[in-house]
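K.L.:
Take this structure first; my questions come after.
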Amino acid sequence: MPKESGMKDCILLVYSLAKLSQKAKVKVLRELLGYTNKKEKTYHHQGLIEAHQAEKLAQNVLLVLSAKAAHFISFFERNKVPYEFREVQVKP
């Protein structure tokens, strides 16, 4: 895809958790979104989205920089999460 000036190359990832067990869904969502443990102290565990500066656009839809897309694709394949992706360009 030819790059226009001032545009960033991104990947639009659409995934589905419908065929996963409840245990697998929770595991995948915790790794993607991160989570917080509240005991005597509060511990924040960073998710893939936050760690790789991705953006959650809607339920099961992520916008990821092209350079960081491999992290998400390998994560989905490792966890047997069906996904589709499209290359897009966005204004920063």
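K.L.:
Return the sequence-ordered ³J(HN,Hα) values of region 46-54 in whole Hz as given by the Karplus equation 6.51 cos²θ - 1.76 cosθ + 1.60 applied to θ = phi - 60°, using x for Gly and Pro.
P.N.:
Using θ = phi - 60°, the values come out as 5, x, 4, 4, 5, 5, 10, 6, 8 Hz.
K.L.:
Between 0 and 90 degrees, rounded to the nearest ten: what's the tilt of helix 22-33 against the longest Cα principal axis of the chain?
P.N.:
Once rounded, the angle reads 60 degrees.
K.L.:
Shifting gears a bit: Please report the carbon-and-sulfur percent of the accessible area for the chain; probe 1.4 Å, protein heavy atoms only, DNA, RNA and ligands left out. Please list the in-between numbers first.
P.N.:
Details: 3440 of 6570 Å².
Summing carbon and sulfur atoms, their accessible area is 52 percent of the total for the chain.
K.L.:
Can you tell me the relative contact order of the chain? Whole percent, Cα pairs under 8 Å, sequence separation 6 or more. Spell out each step's value before the answer.
P.N.:
Numbers: 122 pairs, mean separation 43.1, N = 92.
Relative contact order of the chain: 47 percent.
K.L.:
Evaluate the relative contact order of region 1-51 (contact order divided by residue number), counting alpha-carbon pairs under 8 angstrom at least 6 apart; express in whole percent. Before the final figure, lay out the partial values.
P.N.:
On the way: 30 pairs, mean separation 11.9, N = 51.
The normalised contact order for region 1-51 reaches 23 percent.
K.L.:
Mind checking the angle between helix 69-78 and the chain's longest principal axis? C-alpha axes, 0 to 90 degrees, to the nearest 10.
P.N.:
Roughly 50 degrees between the two axes.
K.L.:
Turning to a different aspect of this structure: Can you spot the aspartates and glutamates whose alpha carbon is less than 20 Å from K80's alpha carbon? Ignore those fewer than 8 places along the same chain.
P.N.:
E31
K.L.:
Where does each of 49-55, 62-68 land if you order them by average Cβ count within 10 Å, highest first?
P.N.:
Details: 49-55: 14.9, 62-68: 16.9.
Result, highest mean Cβ count within 10 Å first: 62-68, 49-55.
K.L.:
Above 22 angstrom, tally the Cα pairs of the chain and express them as a % of all pairs, no decimals. Walk me through the numbers before you get to the answer.
P.N.:
Working: 1363 of 4186 pairs.
That fraction is 33 percent.
K.L.:
Measure off 7 Å from each Cα along the Cα-to-Cβ vector at A24 and K39, then give the distance between these two points in nanometres to one decimal.
P.N.:
3.0
K.L.:
Sticking with this one: Quick check on the chain: helices-only [θ] at 222 nm, where DSSP H runs of length 4 and up contribute -39,500 (n - 2.57) each and the sum goes over total residues. Nearest 500, please. Walk me through the intermediate numbers first.
P.N.:
Numbers: 3 runs with 26 residues, N = 92.
Per the formula, -8000 deg cm²/dmol.
K.L.:
Taking amide H positions as placed 1.01 Å from N in the peptide plane, with prolines and chain starts having none, which residues 5 or more places from V88, or on another chain, fall under 5 Å of its amide H?
P.N.:
For V88, the qualifying residues are C10, I11, L12.
K.L.:
Could you state the accessible area per residue of the chain in Å², with a 1.4 Å probe and every protein chain left in place? Walk me through the intermediate numbers first.
P.N.:
Details: 6570 Å² over 92 residues.
Value returned for the chain: 71 Å² of accessible area per residue.
The values are calculated or read from the model by the stated rules, or taken from the named source; none is laboratory data. Small disclaimer: the values here were computed from a predicted structure and weren't measured. As a convention, Cβ positions derive from the backbone with ideal geometry for all residues, glycine included, and neighbour counts pool all protein chains shown. Surface accessibility is based on the protein's heavy atoms, side chains included, excluding ligands, DNA and RNA. Shrake-Rupley method; radii C 1.70, N 1.55, O 1.52, S 1.80 Å.
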